Amino acid sequence: MAEEFKIYTKGGDKGETSLLGGTRVSKSHERVEAYGTLDELNSFIGLIRDREISRQYRDVLISVQENLFIAEALVARDPEKQTRELPQLDENIITLLENEIDAMNDELPPLTSFILPGGAVIVSECHIARTVCRRAERCLIRLSLISPVDDIIIRFLNRLSDYLFVLARKTGQDAGATETQWIVKNKG
């Protein structure tokens, strides 16, 4: 019988946590901030996946979530210590996102100006996930200034934020929502 996984360890009660490999760091450490933001992003994508969306979108989002867990594990490991073998991100996830972006864009009107997030709940949720994705990307870039970060993770997040933007537009179109263009009003 498998040993039960205990949810609480009490090890973090003093503001520290363990990286994969056992190194203790502050919960405010750049590495913890980065994988915590990836976890937040994964949760928002789960919210989108729970909406009434096409099977195609749902399947892509499941693949994205699985790859986000891989990215989280890669970021959570201590680069100075040998840890158990972890799964790796594959270029295929980036290719999948690019293909999905292209397919959705083929069905959307051309973008002629910035658009305001909103129009339907699913659209807003996609934009929230997109902005969290951009924040995760910034966290990883900040982390890369002090410690190695796998380049593919940053490229995955960059493409994922593009995918979420186009998904917002496409799910809005599917829902019959109106895109609101941002129009600069001159004062004076």
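Please verify whether Glu100 is in contact with a Lys or Arg (Cβ under 9 Å, 6 or more places away or on another chain) and either modelled with pLDDT of 95 or more or within 17 Å of Val64 (Cα to Cα) (or both), treating the condition exactly as stated. It would help to see each step written out before you state the result.
Numbers: in contact with a Lys or Arg (Cβ under 9 Å, 6 or more places away or on another chain): no; either modelled with pLDDT of 95 or more or within 17 Å of Val64 (Cα to Cα) (or both): yes.
No, not satisfied.
Candidates in segment 136-149 are the residues that are assigned to a helix (DSSP H, G or I) and either among the β-branched types (Val, Ile, Thr) or surrounded by fewer than 16 Cβ atoms within 10 Å (Cβ to Cβ) (or both); of these, the one that is farthest from the chain's Cα centre (by Cα) is Arg142.
Selection within segment 150-181: residues that are farther than 18 Å from Asn67 by Cα and of a type in the set (Val, Ile, Thr). The member of this set that is surrounded by the fewest Cβ atoms within 10 Å (Cβ to Cβ) is Thr178. Against the list (1) at pLDDT below 95; (2) touching a helix residue (DSSP H, G or I) at 6+ places or on another chain (Cβ under 8 Å), the condition Thr112 fails is (2). Of everything in segment 52-78, what is crowded, with 16+ Cβ neighbours inside 10 Å and part of a loop (DSSP other than H, G, I, E, B)? Give them in sequence order. Of everything in segment 52-78, those that are crowded, with 16+ Cβ neighbours inside 10 Å and part of a loop (DSSP other than H, G, I, E, B) turn out to be Ile53, Asp78.
For Val184, the conditions (1) among the β-branched types (Val, Ile, Thr); (2) within 23 Å of Gln65 (Cα to Cα); (3) not in a helix (DSSP H, G or I) all hold with the exception of (2). Cβ separations smaller than 6 Å between residues 6+ apart or across chains give the following pairs from segment 58-69 residues that are free of Cβ contacts under 8 Å to residues at least 12 places away in the same chain to residues that are part of a helix (DSSP H, G or I): Arg58/Arg49.
Each residue in segment 116-135 was checked for being surrounded by 21 or more Cβ atoms within 10 Å (Cβ to Cβ) and over 18 Å from the mean Cα position of the chain (by Cα), and 1 pass.
Any residue that is at pLDDT below 90, in a loop (DSSP other than H, G, I, E, B) and among the charged types (D, E, K, R) - is there at least one of those in segment 24-35? Taking every residue of segment 24-35 in turn, at least one turns out to be at pLDDT below 90, in a loop (DSSP other than H, G, I, E, B) and among the charged types (D, E, K, R). When residues in segment 39-97 are screened for being modelled with pLDDT of 95 or more and touching a Pro at 6+ places or on another chain (Cβ under 7 Å), 1 of them pass.
The values are calculated or read from the model by the stated rules, or taken from the named source; none is laboratory data. Worth saying up front: this structure is predicted, and the values here are computed from it rather than measured. Counting neighbours? That spans all protein chains shown, and the Cβs are built from the backbone with ideal geometry, glycine included.
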